[in-house]
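Notes follow once the structure below has been shown.
The values are calculated or read from the model by the stated rules, or taken from the named source; none is laboratory data. All values derive from a computational prediction rather than experimental measurement. As a convention, Cβ positions derive from the backbone with ideal geometry for all residues, glycine included, and neighbour counts pool all protein chains shown. These accessible areas exclude ligands, DNA and RNA; they are computed on the full protein's heavy atoms, side chains included. Shrake-Rupley method; radii C 1.70, N 1.55, O 1.52, S 1.80 Å.
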Amino acid sequence: MSKKRPHSIIGKRTPLIDGRAKSAGDTIYTDDIKLPGCLVGKILRSPLPHALILELDPSKAMALPGVHAVVTGRESNVKFGVLPISRDETAMAVEKVRYIGDCVAAVAADDEEIALQALQEISVVYEELPASLRMEDSLKKTDHPIHAEKSIRGTNIMKEVDQHFGDVPMALEKARWKRTGQFEFVGVTHGFTEPHAVIAYYDPDGRLTVWSATQVPYYLHRALAEVMEMPMHRVRVIKPAVGGAFGGKSDPFPHEMCAALLSRQCRRPVKILFDREEVFLTNHGRHPTKQKVSIGVDSEGKIQAMDVEALIDGGAWSSFGVVTTYYNGVLSIGPYEIPNFKYSGKRVYTNKAPCGAMRAHGAVNTRFAVEVILDEIAHEMGMDPCELRLRNFMPPNTTTINEFRITSNGVRECLEKVMEASRWKERHGKLPYGEGMGLGCGFYISGSALPIHRSKMPQSTVHLKIDVDGGVTIHTGASEIGQGSDTMVAQVVAEVLGLGLGWMRVYAVDSDLSPIDLGSYSSRVTFMNGNAALQAAEKIREELVGAASRLTGKPLKGFVCQDESVVFAPDPEVSVPYLDAVREAIAGSGALIAKGSYLGPPPMGGKFKGAAAGLSPAYSFNAYIAHLNVDPDTGIVKVTKVWAAHDCGKALNPIAVEGQIEGSIHMGLGQVLQESMDYHRGIILNPNLLDYRPLSSKQMPEVEVFIVESDDPEGPFGAKEAGEGPLLPILPAVANAIYDAVGVRCNSLPITPDKVHSAIERMWKRDPSKVRALSAS
């Protein structure tokens, strides 16, 4: 058997190709773009959570000197949304408002001061309607549903999912050990650095160009064409650099439509830049959720059944809500073998800021619940929590009870690595009172197997061009949002062609120049865009090999591209410099041009309703152990170290993978310990980063990362996702470590000091001997 040629770029620690420009402050973000004659756009927002609009008069605003355009819901009542099956958004409110912050009107003026003054001159008369602010209230029938046309049985239920595989009630009844837990999660938001920003220009030729900080240029392109009632070829979308997103920029948004409508009215460029409060009002963060989870295991510790119930607060819009409702159930199955599974989920509308996709969309809250319940069962059985997991991990190349196809799977190696590094067996359950260690595992999708818009169109396409200078121009529609996708696609192409990254130039994203990619969400880019780039590069390589064969007279078979040459492997002395091969290849025909695409994985999944939700060409796996200290007098939790192992198939760039894991841990620690979107009567009380309190750099623990490479058979060079799945294990690892430290469980997130202190006090009152025993240990 011949050995594989070692990689020259893939798997090497490679600085991101845009890193220098970002570090030097040279990167161009949307707000950095200055167009001649550009106006300032501002949005008038609803002060009420639910109300009819009886009168809306913008005439005084339009009469102000320096105001060039005013638009309202009358300009467009076309509904849009990221999912074609649940469109319920409009550019601005039509007939009624649905939450505090809903867009009512928009103005374009010479400067911000005039624009803000114009907003005050818009006269609006409302008739307040009963507001549904609690999830439980939205389950009840109402005379004033938030979306009447979407109402299920006269309620504010937006989506219901019921799935049952096997016989869960019977399996739970027969289980030797079973636990049921109730869990509550508040809403959290993304906390990205760059606020939402958009520029729209409806030019003299009647063509619309939009620059936007977005994760999904293609979906935005479609939505703009529909809302503006223009053919897609008359709309151009350009994505400048994006300063963070984490799912928060993965919808087409009303403010993007507002900017386009304003520009069409005044025929000048219009920029809308949000302040931080507007970012919070737009939200689309993680859903507040209430869950009930039951798990039963047999006397040997093998899981027999899982039953999950979820009530999900979606806020005012659908967004990704249909997918969210399914994911809260189906993504709880891995990484374990579960022979009987039941899920009942409801997502409801409420008169609050809309929720949507956030890193590890739909999987975080249920994963927390499942991992905590497993920890409880292990302690009740007197079994090591790691041992319980090891007995239940699904193997590679298997199919789950709900017909997910599992290919590569390194979860067992993940857990073994962190156990060894943390000295788990020596330390867990044996540390002094107030010091503890906890475990969490997880799995996540590498993109959705099926696209949102069902068609025969590829999910991702890459175009390559090489001309006489030899530079490789890569056109891709994949959105670089800080995760390193531009570097990834350059690495893949460079590896195949045997070139350094200096030969690569990546252009992404401009809808006039770039082929379609569905966007940066669901951890799809490395797997799907990487495969498209690989295919395109292999076609170029064939051209170069053919040129080298002609120049040397050697047979095609045996040539490889390496070290900026095309080398005849049986006789390495025979080689053609890369540029000579290029010039021979383009002689008489012009530039080398190739395209590669990723259509999707082989047919998979079941035939039942919702079978497509959670299907993926590959899944990542992970296991974390956290060490922390708890001050029993104050309830303050300090996480000191995390051992994190993640199976990403193949680390195309270990620096990028490590960065994603560390960033995921930072985000997860914020949710589990302190972050919360707080409401009072529909008003967000903490719409700024000071009061919202994301985790600070000083609170970040030491992280020891272990990259596990299971070499996925379908991923580019064996790679699969590493951008979202790494968030999942840290939340339950912390909660389980708190139990190990002080013997209390907190099933309501965030686990703030007051909750920990109160739990310790309750334990003192209920069983002081247990606390004394823990303290003595």
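Flag not set for residue 136, criterion: open to solvent by 20 Å² or more (accessible area, probe 1.4 Å) and in contact with a strand residue (DSSP E or B) (Cβ under 6 Å, 6 or more places away or on another chain). Among all residues of segment 198-209, there is none that is more than 26 Å from residue 69 (Cα to Cα) and modelled with pLDDT of 95 or more. The set of residues from segment 205-235 being surrounded by fewer than 20 Cβ atoms within 10 Å (Cβ to Cβ), in contact (Cβ under 8 Å) with a residue 60 or more places away in the chain and not in a helix (DSSP H, G or I) comprises just one member, 229.
Has segment 175-189 got any residue that is acidic (Asp, Glu) and over 30 Å from residue 296 (Cα atoms)? Please lay out each step first, then the result.
Here is the first cut: in segment 175-189, the ones acidic (Asp, Glu) are 184.
Keeping just the survivors that are over 30 Å from residue 296 (Cα atoms) gives none.
No: zero hits.
For segment 480-508, enumerate the residues that are at pLDDT below 95 and closer than 14 Å to residue 464 by Cα. Listed by number, the list holds a single entry, 508. Evaluated against (1) within 25 Å of residue 155 (Cα to Cα); (2) at pLDDT 95 or above; (3) exposed (fewer than 15 other Cβ atoms within 10 Å of the Cβ); (4) not aromatic (Phe, Trp, Tyr), residue 85 falls short on exactly one condition, (2). The residues of segment 607-630 that are open to solvent by 20 Å² or more (accessible area, probe 1.4 Å) and either farther than 21 Å from residue 367 by Cα or not in a loop (DSSP other than H, G, I, E, B) (or both), listed by number, are 607, 608, 609, 629.
Go through 595, 638, 650 for me and flag whichever is more than 30 Å from residue 415 (Cβ to Cβ), open to solvent by 30 Å² or more (accessible area, probe 1.4 Å) and of a type outside the set (A, V, I, L, M).
Working: 638 fails: more than 30 Å from residue 415 (Cβ to Cβ); 650 fails: more than 30 Å from residue 415 (Cβ to Cβ).
None of the other options fit; the residue is 595.
A search for C-beta distances below 6 Å between a residue of segment 420-447 that is part of a loop (DSSP other than H, G, I, E, B) and open to solvent by 10 Å² or more (accessible area, probe 1.4 Å) and any residue that is modelled with pLDDT of 95 or more and not polar (S, T, N, Q), counting only pairs 6+ apart in sequence or on different chains, returns 428/437. Condition (residue is part of a helix (DSSP H, G or I), touching a residue at least 60 places away in the same chain (Cβ under 8 Å) and either touching an Asp or Glu at 6+ places or on another chain (Cβ under 8 Å) or more than 30 Å from residue 643 (Cα to Cα) (or both)) applied to segment 549-567: is it met by at least one residue? No, segment 549-567 contains no residue that is part of a helix (DSSP H, G or I), touching a residue at least 60 places away in the same chain (Cβ under 8 Å) and either touching an Asp or Glu at 6+ places or on another chain (Cβ under 8 Å) or more than 30 Å from residue 643 (Cα to Cα) (or both). If you check 756, 734 for being surrounded by fewer than 24 Cβ atoms within 10 Å (Cβ to Cβ), of a type outside the set (D, E, K, R), in contact with a helix residue (DSSP H, G or I) (Cβ under 8 Å, 6 or more places away or on another chain) and in contact (Cβ under 8 Å) with a residue 40 or more places away in the chain, only one passes: 756.
Rundown of residues vs (1) in contact (Cβ under 8 Å) with a residue 12 or more places away in the chain; (2) of a type in the set (A, V, I, L, M, F, W, C); (3) open to solvent by less than 10 Å² (accessible area, probe 1.4 Å); (4) within 29 Å of residue 100 (Cβ to Cβ), yes/no style:
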| position | (1), (2), (3), (4) |
| --- | --- |
| 323 | yes, yes, no, yes |
| 333 | yes, yes, yes, no |
| 336 | yes, no, yes, no |
| 349 | yes, no, yes, yes |
| 356 | yes, no, yes, yes |
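From the residues in segment 145-199 that are outside any strand (DSSP E or B) and of a type in the set (Gly, Ala, Ser), which one is nearest to the chain's Cα centre (by Cα)? Show your work before the answer.
Filtering segment 145-199 for residues outside any strand (DSSP E or B) gives 145-156, 166-176, 186-187, 189-196.
From the residues that got through so far, the ones that are of a type in the set (Gly, Ala, Ser) too are 148, 151, 154, 166, 171, 175, 187, 191.
Working: 148: 30, 151: 28, 154: 32, 166: 31, 171: 34, 175: 36, 187: 15, 191: 13 Å.
So, considering only residues that are outside any strand (DSSP E or B) and of a type in the set (Gly, Ala, Ser), the one nearest to the chain's Cα centre (by Cα) is 191.
Here are 5, 20: which of them is within 30 Å of residue 502 (Cα to Cα), touching a residue at least 60 places away in the same chain (Cβ under 8 Å), open to solvent by 60 Å² or more (accessible area, probe 1.4 Å) and not β-branched (Val, Ile, Thr)? Before you say what the answer is, go through the steps one by one.
Details: 20 fails: touching a residue at least 60 places away in the same chain (Cβ under 8 Å).
Only one candidate passes the filter, namely 5.
Of all residues in segment 294-312, those being surrounded by fewer than 24 Cβ atoms within 10 Å (Cβ to Cβ) and in contact with a Ser or Thr (Cβ under 9 Å, 6 or more places away or on another chain) number 4.
In segment 522-542, what residues are farther than 30 Å from residue 215 by Cα and surrounded by 19 or more Cβ atoms within 10 Å (Cβ to Cβ)? Across segment 522-542, the qualifying residue is only 541.
Do we find a residue being open to solvent by 60 Å² or more (accessible area, probe 1.4 Å) and modelled with pLDDT under 95 anywhere in segment 94-110?
Pass one, segment 94-110, residues open to solvent by 60 Å² or more (accessible area, probe 1.4 Å): 95, 110.
Still in the running and modelled with pLDDT under 95: none.
The answer is no; no qualifying residue exists.
Within the bounds of segment 691-702, is there any residue that is of a type in the set (A, V, I, L, M), in contact with a strand residue (DSSP E or B) (Cβ under 8 Å, 6 or more places away or on another chain) and in a loop (DSSP other than H, G, I, E, B)? Steps first, please.
Taking segment 691-702 as the starting set, the residues that turn out to be of a type in the set (A, V, I, L, M) are 695, 700.
Subset that is in contact with a strand residue (DSSP E or B) (Cβ under 8 Å, 6 or more places away or on another chain): none.
No, segment 691-702 contains no residue that is of a type in the set (A, V, I, L, M), in contact with a strand residue (DSSP E or B) (Cβ under 8 Å, 6 or more places away or on another chain) and in a loop (DSSP other than H, G, I, E, B).
For segment 659-702, a tally of residues being open to solvent by 30 Å² or more (accessible area, probe 1.4 Å) and not acidic (Asp, Glu) returns 18.
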